[in-house]
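K.L.:
My structure is below; once you've seen it, I'll send some questions.
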Amino acid sequence: MRAVTPAIEATPGRGFGAEHGPVEDPPLKRALLRLVPAPRRQRLLGAVRGTIYRGEEVECPCCQSSFSRFLPHRGREQAKCPGCGSLERHRVLWLFLERETDLFERPGAMLHIAPEYALQRRLARLPGLRYVSGDIDSPLADHLIDVMDIPFAAAGFDFLICNHVLEHVEDDRRALAEIRRVLAPGGWAILMCPVDRRRATTLEDPTAMTPAERHRVFGQSDHVRLYGRDYVDRLTDAGFVVRAERYVEACESSSVARFGLRREDDAFGDEDVFFCVGSEDEEGRAQRSDSRPRRPARNAAA
Ligand SMILES: [Zn+2]
């Protein structure tokens with residue numbers, strides 16, 4: 001049964017809206033975005049900013065470059081990489097991939113849904129990885145796909161990344177079933193989402209239809225729900241064994257400063273890593289060989 005909570009319980013005060021920006025970009029920005037295609041725009045911006053912010057003070061694990069500082073983004077200082085545009089959550093995820101998963105240890109196929117440029121630029125070139133990306137309309141994607149109806153055979157992917165997507169999807173349970181279907185035995189999926197930890201149950205309100213209403217209720221104009229602490233239950237219901245972790249808490253202080261990570265307050269779970277496998281056995285195999293004995297507690301983020 002769907003956990004439906006009335007809109008009147010929308011998070012008041014400093015909600016997700018402040019975190020995720022305005023209802024719509026200004027007209028000039030929208031015009032510029034249309035003029036220069038996304039991959040080229042990212043490369044151009046990265047080249048220019050990388051030169052301006054050349055330095056050794058901070059380091060981006062996603063693009064393996066160092067800079068004098070990270071750039072502000074939506075009110076947050078030290079948030080965005082000048083080179084690849086990575087945000088805190090991309091950088092913490094890259095550290096997780098390197099330190100906690102077997103991604104760099106074995107060949108395989110990856111499906112990256114709604115590809116983020118900061119992750120894609122290195123993943124697509126990784127030796128031994130057959131990289132496939134898909135999105136409903138992103139110019140960064142190899143294939144136009146609907147995550148509720150993924151046009152690939154069952155069990156075709158060893159690794160799957162789908163971040164900050166499910167809160168946009170009309171039927172997230174159907175999307176999760178599809179993700180589960182295309183994942184090979186022994187494979188894993190990372191499914192990060194904005195989670196409001198103050199909420200026990202996910203907020204869904206089918207009457208919030210306009211961008212302004214959705215921004216007010218869910219915190220962003222194109223979100224259709226605001227996940228609560230029961231997000232993990234949805235993943236579990238889809239058949240996953242979930243390791244949910246505030247991975248930034250596992251990173252040493254020097255990494256937090258050097259890699260521009262964010263220690264979030266207790267309310268927001270934008271950067272929690274939700275690592276999903278098909279069974280308990282697979283969970284052990286999917287982790288880096290040298291990290292297997294020291295597996296952190298499951299569902300630590302929930
Ligand atoms: Zn970078």
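None of the figures in this text is laboratory data; all of them are computed from the coordinates on show. Since we're looking at a predicted model, the values are computed, not measured.
K.L.:
Contact order normalised by length for region 87-294, with contacts defined as Cα pairs under 8 Å and 6 or more residues apart; what percent is it?
P.N.:
In percent, rounded to a whole number, it is 22.
K.L.:
Counting pairs of alpha carbon atoms under 8 Å apart in space and at least six apart in sequence, what relative contact order in percent does region 28-147 give?
P.N.:
That works out to 19 percent.
K.L.:
Now a separate question. Which value, in Å to one decimal place, does the Kirkwood hydrodynamic radius take for region 101-256 when every pair of different Cα atoms is included? Numbers along the way, then the final one.
P.N.:
Values: mean 1/r = 0.0599 Å⁻¹.
With all distinct Cα pairs of region 101-256 included, I get 16.7 Å.
K.L.:
I've got another one for you. Can you work out ³J(HN,Hα) from phi for every residue in region 244-251, in order, using Karplus 6.51 cos²θ - 1.76 cosθ + 1.60 and θ = phi - 60°, giving whole Hz and x for Gly and Pro?
P.N.:
Using θ = phi - 60°, the values come out as 10, 8, 7, 5, 4, 5, 8, 8 Hz.
K.L.:
Quick check: from the Cα gyration tensor, does region 156-204 come out rounded (a/c under 1.5), prolate or oblate?
P.N.:
Numbers: a/c = 2.63, a/b = 1.95, b/c = 1.35.
Here region 156-204 falls in the prolate category.
K.L.:
Tabulate in residue order the Karplus-calculated ³J(HN,Hα) for region 198-211, using 6.51 cos²θ - 1.76 cosθ + 1.60 with θ = phi - 60°, rounded to whole Hz; enter x for Gly and Pro.
P.N.:
Once rounded to whole Hz, the list reads 6, 8, 6, 10, 5, 8, 10, 9, x, 7, 7, 10, 7, x.
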